[in-house]
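Visitor: The following block contains the structure, expressed as structure tokens.
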Amino acid sequence: MKVWLSAARPRTLSAAIAPVAVGTAAAEEFIAWRLIAALVVSLALQIAVNLANDLFDANRGVDTDARVGPVRATAAGLVTPTQMKIAIGLSFVVAGVAGTALAAAAGWELLAVGAVSLVAALAYSGGPKPYASHGLGELFVFIFFGLVATVGSTYVQDETVSRLAYVAAVPVGLLATAILVVNNLRDIETDARANKRTLAVRIGESRTRSLFQALVILAFIDTLAVVGITSSALPALALIAAPLAVRPVSMVMNSNEPSELIEALGATARLQLVYSLLLAVGLWAWN
């Protein structure tokens, strides 16, 4: 069980929880079971992406003994490729069952969104041209774990979306992207040797560090856009999370040790979760 828990990469699961919380809070209606179902879909897809990345990176020889970070289950021989494929499939089944229930209640067009998300999850690190290896991983995260997940969570409640949902999705997506940026910064040397051309590999360490800082700062600045569209100071409650940004930004900007970036990754994930929950509380209070 510990092997599978590690392979699911729990440090990154805040990226699945945050958009559902904010998207649900941005909705006018609230139906509890739809919130739970949306959370199941988001978590299952996030876990599927993490497991697929574990499998495909092992197949491509990306995960070697030189890599600093959590042990990759497939590359380390802790699970077989077949077992990992089954786990990925089960994750998609769980997401599919919960997603189908939401589609039956809120609109069958959600199945199309789910299908695109499934394909995107597999294409992230799999297939002949995985886009994570072409510098597009950050864009994927921003779109699917920012815009799609947040706006989709609003849609399953209201069966429509508003400008508020899109605006509130932006800081959620920026912080989710920051999690991936620090992850790729940590792996920049081993990824480069394996010819995995992530955005960090393409732009280099210095620009990657600056990108991380910019993403975090922009997320807090965009909070003001949420305040503006609601004409309420309540969403500014999210700004209370600002002190939590100091440590990960400092570590990313100044650390030269990949092992230290593991702590920065966890701190960034906590920052996103706390920021998003505070934003959700502010939006709920406003609604």
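Visitor: Return the residues of the stretch 1-32 that are basic (Lys, Arg) and in a loop (DSSP other than H, G, I, E, B); say none if nothing qualifies. Don't jump to the end; show me each part of the working.
Guide: Here is the first cut: in the stretch 1-32, the residues basic (Lys, Arg) are 2, 9, 11.
Correct list: Arg9 only.
Visitor: From the list Asn53, Asn59, exactly one residue is touching a Ser or Thr at 6+ places or on another chain (Cβ under 7 Å) and modelled with pLDDT under 90. Which is it? Can you show your working first?
Guide: Values: Asn59 fails: touching a Ser or Thr at 6+ places or on another chain (Cβ under 7 Å).
Result: Asn53 is the single residue among Asn53, Asn59 that is touching a Ser or Thr at 6+ places or on another chain (Cβ under 7 Å) and modelled with pLDDT under 90.
Visitor: What is the residue count in the stretch 176-202 for residues that are of a type in the set (S, T, N, Q) and either in a helix (DSSP H, G or I) or under 30 Å from Trp286 (Cβ atoms) (or both)?
Guide: Step one: filter the stretch 176-202 for residues of a type in the set (S, T, N, Q), giving 177, 183-184, 190, 195, 198.
Restricting the remaining residues to those that are either in a helix (DSSP H, G or I) or under 30 Å from Trp286 (Cβ atoms) (or both) gives 177, 183-184, 190.
Adding up the residues that qualify gives 4.
Visitor: Pull out all pairs, ordered by first then second residue, where Cβ-Cβ is under 7 Å, the residues are six or more apart or on different chains, the first lies in the stretch 1-24 and is farther than 30 Å from Asp222 by Cα and hydroxyl-bearing (Ser, Thr, Tyr), and the second is surrounded by fewer than 19 Cβ atoms within 10 Å (Cβ to Cβ) and at pLDDT 95 or above.
Guide: Sorted first by the residue in the stretch 1-24, then by its partner, the list stays empty.
Visitor: Being crowded, with 24+ Cβ neighbours inside 10 Å and farther than 12 Å from Ala26 by Cα is the filter here, so list the residues in the stretch 147-160 that pass it.
Guide: Passing the criteria: only Ala149.
Visitor: Using the structure shown, decide if Leu43 is without any contact (Cβ under 8 Å) to a residue 12 or more places away in the chain, in a helix (DSSP H, G or I) and within 30 Å of Ala76 (Cβ to Cβ).
Guide: On the way: without any contact (Cβ under 8 Å) to a residue 12 or more places away in the chain: no; in a helix (DSSP H, G or I): yes; within 30 Å of Ala76 (Cβ to Cβ): yes.
In short, no.
Visitor: Applying the selection to the stretch 93-139, what residues are touching a residue at least 24 places away in the same chain (Cβ under 8 Å), more than 21 Å from Val172 (Cα to Cα), among the small types (Gly, Ala, Ser) and not in a helix (DSSP H, G or I)?
Guide: Across the stretch 93-139, the qualifying residues are Gly107, Gly126.
Visitor: Name, by its number, the condition in (1) closer than 19 Å to Ala48 by Cβ; (2) modelled with pLDDT of 90 or more that does not hold for Thr154.
Guide: Of everything listed in (1) closer than 19 Å to Ala48 by Cβ; (2) modelled with pLDDT of 90 or more, Thr154 misses just condition (1).
Visitor: Related question: Check the stretch 194-208 and report whether any residue there is more than 13 Å from Thr268 (Cα to Cα), crowded, with 17+ Cβ neighbours inside 10 Å and touching a Lys or Arg at 6+ places or on another chain (Cβ under 8 Å). Give the steps one after another, and end with the answer.
Guide: Keep residues of the stretch 194-208 that are more than 13 Å from Thr268 (Cα to Cα), which gives 194-208.
Now narrow it down to the ones that are crowded, with 17+ Cβ neighbours inside 10 Å: 194, 196, 198-201, 208.
Right, trim to touching a Lys or Arg at 6+ places or on another chain (Cβ under 8 Å) and you get 194, 196.
Yes - at least one qualifying residue is present in the stretch 194-208.
Condition check ((1) aromatic (Phe, Trp, Tyr); (2) modelled with pLDDT of 95 or more; (3) within 18 Å of the chain's Cα centre (by Cα)) across all residues:
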| site | (1), (2), (3) |
| --- | --- |
| Pro235 | no, yes, no |
| Ala242 | no, yes, no |
| Val246 | no, yes, no |
| Ser255 | no, no, no |
| Leu261 | no, no, yes |
| Leu277 | no, yes, yes |
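Visitor: Would you confirm whether or not the stretch 161-175 contains a residue that is among the polar types (S, T, N, Q) and either buried (at least 22 other Cβ atoms within 10 Å of the Cβ) or part of a helix (DSSP H, G or I) (or both)?
Guide: Let us first name the residues in the stretch 161-175 that are among the polar types (S, T, N, Q), namely 162.
From the residues that got through so far, the ones that are either buried (at least 22 other Cβ atoms within 10 Å of the Cβ) or part of a helix (DSSP H, G or I) (or both) too are none.
No, the stretch 161-175 contains no residue that is among the polar types (S, T, N, Q) and either buried (at least 22 other Cβ atoms within 10 Å of the Cβ) or part of a helix (DSSP H, G or I) (or both).
Visitor: Residues Ala236, Ala245, Ala285, Ala280: which one is surrounded by fewer than 16 Cβ atoms within 10 Å (Cβ to Cβ) and either over 23 Å from Asn53 (Cβ atoms) or of a type in the set (Phe, Trp, Tyr) (or both)?
Guide: Details: Ala236 fails: surrounded by fewer than 16 Cβ atoms within 10 Å (Cβ to Cβ); Ala245 fails: surrounded by fewer than 16 Cβ atoms within 10 Å (Cβ to Cβ); Ala280 fails: surrounded by fewer than 16 Cβ atoms within 10 Å (Cβ to Cβ).
Only one candidate passes the filter, namely Ala285.
Visitor: I'm checking my understanding of the structure. Among residues of the stretch 78-130 that are among the aromatic types (Phe, Trp, Tyr) and surrounded by 18 or more Cβ atoms within 10 Å (Cβ to Cβ), which one is farthest from Asp57 (Cα to Cα)?
Guide: Start the filter on the stretch 78-130 by keeping residues that are among the aromatic types (Phe, Trp, Tyr), which leaves 92, 108, 124.
Okay, now just the ones that are also surrounded by 18 or more Cβ atoms within 10 Å (Cβ to Cβ), so 92, 124.
Working: Phe92: 19, Tyr124: 11 Å.
Applying the filter and picking the extreme gives Phe92.
Visitor: Could you please find all residues in the stretch 203-248 being part of a helix (DSSP H, G or I), among the small types (Gly, Ala, Ser) and in contact with a Gly (Cβ under 9 Å, 6 or more places away or on another chain)?
Guide: Just the residues of the stretch 203-248 that are part of a helix (DSSP H, G or I), to begin with: 203-230, 234-241, 243-248.
Those still in the list that are among the small types (Gly, Ala, Ser) too: 204, 206, 210, 214, 219, 225, 228, 236, 238, 241, 245.
Once the filter is applied, which keeps residues that are part of a helix (DSSP H, G or I), among the small types (Gly, Ala, Ser) and in contact with a Gly (Cβ under 9 Å, 6 or more places away or on another chain), the stretch 203-248 yields Ala219, Ala236, Ala238.
The values are calculated or read from the model by the stated rules, or taken from the named source; none is laboratory data. None of the values given here were measured: they were computed from a predicted structure. As a convention, Cβ positions derive from the backbone with ideal geometry for all residues, glycine included, and neighbour counts pool all protein chains shown.
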